[in-house]
1. Just wondering, is there one or more residues in the range 16-28 that are part of a loop (DSSP other than H, G, I, E, B) and either over 30 Å from A190 (Cα atoms) or at pLDDT 75 or above (or both)?
2. What pairs can you find where one residue is in the range 180-198 and among the aliphatic types (A, V, I, L, M), the other is at pLDDT 90 or above and open to solvent by 90 Å² or more (accessible area, probe 1.4 Å), and their Cβ atoms are less than 9 Å apart, with a gap of 6+ or different chains?
3. Hey, can you tell me all the residues within the range 53-86 that are modelled with pLDDT of 60 or more and open to solvent by 100 Å² or more (accessible area, probe 1.4 Å)?
4. Hey, does the range 129-137 have a residue that's modelled with pLDDT of 95 or more, touching a helix residue (DSSP H, G or I) at 6+ places or on another chain (Cβ under 9 Å) and under 17 Å from A18 (Cβ atoms)?
5. Any idea how many residues of the range 165-189 are in a helix (DSSP H, G or I), at pLDDT 85 or above and open to solvent by 20 Å² or more (accessible area, probe 1.4 Å)?
6. Let me confirm something: among S122, S97, S110, which residue is at pLDDT 90 or above, among the polar types (S, T, N, Q) and buried (at least 16 other Cβ atoms within 10 Å of the Cβ)?
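The values are calculated or read from the model by the stated rules, or taken from the named source; none is laboratory data. Here the structure is a predicted model, which is why all the values come from computation and not from measurement. Positions of Cβ are backbone-derived with ideal geometry, glycine not excepted, and every protein chain shown enters the neighbour counts. Just so you know, the surface numbers come from the protein's heavy atoms only, side chains and all, with ligands and any DNA or RNA stripped out. Shrake-Rupley method; radii C 1.70, N 1.55, O 1.52, S 1.80 Å.
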Amino acid sequence: MERETGTFVPLENGGAAARLDGIEIQILRSLAVQLLELIGPGPAEPAADADPLAVLFAADGPTEPPSDPALARLFPDAYGGPGAGGGADPEELRAHSAEFRRYTENDLRSRKREDALAVVRSLDALRSAGDEGDEGALLELTGELPLRWLGSLNDLRLTIAARLDITEDDESAVLFGLPDDDPRKPMVMAYLWLGGLQETLIETL
């Protein structure tokens, strides 16, 4: 089956494949590494002999939302926002959000970090194989990798959207119609390209 570059298609035995050229591999890897730097290191691992139940209830995650707009999109409040709570007390909603964040954000960060690492490792394996010819290299994702990639592509798009201050409502001809000399153009093109990768990966799953 002939494959266009930058488009996922199903593999016969399950999973997904995409042909990527050298520039696409370089861009994807760079974006994934930047995402890892944004998410930051994970929490310290508990001692091997630690009581699992004690570890669970000794959660020491953050209670306040991140100040960075990109991180705020990656780790939004569980409660809150316009019209949330059906008239519930805002202070009560903030307290619930803080408690929920305390117990969940570290795990969510770890998952997003593992997703981004999976992307980097997949691309490094392609580069190590040295099979980038004129037709590019064939990326094959099996097992848990398609879902890892799907999560990381979504995180990358959320991050770029936050940097560009755009919402889903902006995904229209306005983005496609930016002049070439607009400083946002490269990031917008990356955002739209990642959207295409994400869409075709979803279709294969």
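1. At the first step, the residues of the range 16-28 found to be part of a loop (DSSP other than H, G, I, E, B) are 21.
Going one step further and asking which of them are either over 30 Å from A190 (Cα atoms) or at pLDDT 75 or above (or both), we end up with 21.
Looking through the range 16-28, at least one residue is part of a loop (DSSP other than H, G, I, E, B) and either over 30 Å from A190 (Cα atoms) or at pLDDT 75 or above (or both).
2. Once the first residue is among the aliphatic types (A, V, I, L, M) and sits in the range 180-198, its partners that are at pLDDT 90 or above and open to solvent by 90 Å² or more (accessible area, probe 1.4 Å) give M187/R163.
3. Correct list: L53, D60, E64, S67.
4. From the range 129-137, those modelled with pLDDT of 95 or more are none; that's our starting set.
There is no residue in the range 129-137 that is modelled with pLDDT of 95 or more, touching a helix residue (DSSP H, G or I) at 6+ places or on another chain (Cβ under 9 Å) and under 17 Å from A18 (Cβ atoms).
5. Of the residues in the range 165-189, the ones in a helix (DSSP H, G or I) are 168-170, 173-176, 185-189.
Filter once more, keeping what is at pLDDT 85 or above: 185-189.
Remaining after also requiring open to solvent by 20 Å² or more (accessible area, probe 1.4 Å): 185-187, 189.
Residues that pass the stated criteria total 4.
6. After ruling out the rest, the residue left standing is S122.
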